[in-house]
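Here it is, the structure in full.
Read-outs throughout are calculated quantities, based only on the coordinates presented, and are distinct from any laboratory measurement. Owing to the predicted nature of the structure, the values given are computational and were not obtained by experimental measurement. Cβ sites come from the backbone with ideal geometry, for glycine too, and all protein chains shown count toward neighbours.
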Amino acid sequence: MTQGRPSTRKVEVKFLDEARKFLDAAIMEFEKGVKEGKDETIRDAAEKAWNSTIQATTALLLAKGFDEEDVKTYRQKRLTLEELSIKDEEVRRLGLGDRFMAREYRLHVRCFYDGEYTIDALREELKKAKQYIDDVAKLLS
């Protein structure tokens, strides 16, 4: 964690904006994929929703004082978020660490890589990604 660093509010907002853009794109792509019956499109939508979670998590970790270099990879984000969940009562209360890992597994691994999903379950995952972004935004406001 970087000590004495000036506020990175502008950077955090950038990452939250990116999170929302990725989620909007995921929802549009998902609906198109469902309408056209295209598995690849649906799976790509899941990956975009996963990326929205990544962007929101980056915003959170930067806001909490971690350096961008220390949270570049998924592994770094998972470990840092676990550490933060232990130390930060609000992050723990919101279950952000568990929710991050659930989105990683369900959107990134099961749906995108393994092609394992149902339309209704994936629709719920998109809602959960949105709620994650909304909760991070509230936490940072």
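How far is it, in nm, from the label point at T73 to the one at I86 when both lie 7 Å from their Cα along the line to the Cβ?
Once both label points are built, they end up 2.0 nm from each other.
What is the diffusion coefficient of the chain in µm²/s, taking the Kirkwood radius over Cα pairs and the Stokes-Einstein relation at 10 °C with a viscosity of 1.306 mPa s? Mind dumping the intermediate values first?
Values: Rh = 15.2 Å.
Rounded, D is 105 µm²/s.
Report the gain in length on full extension from A102 to V13: 0.36 nm times residue separation, minus Cα-Cα distance, nm rounded to one decimal.
Numbers: separation 89, 0.36 × 89 = 32.04 nm, distance 2.39 nm.
The span from A102 to V13 would gain 29.7 nm if fully extended.
For the chain, modelled as a GNM with alpha-carbon contacts under 10 angstrom, which of R75, R43, R123 fluctuates the most?
R75
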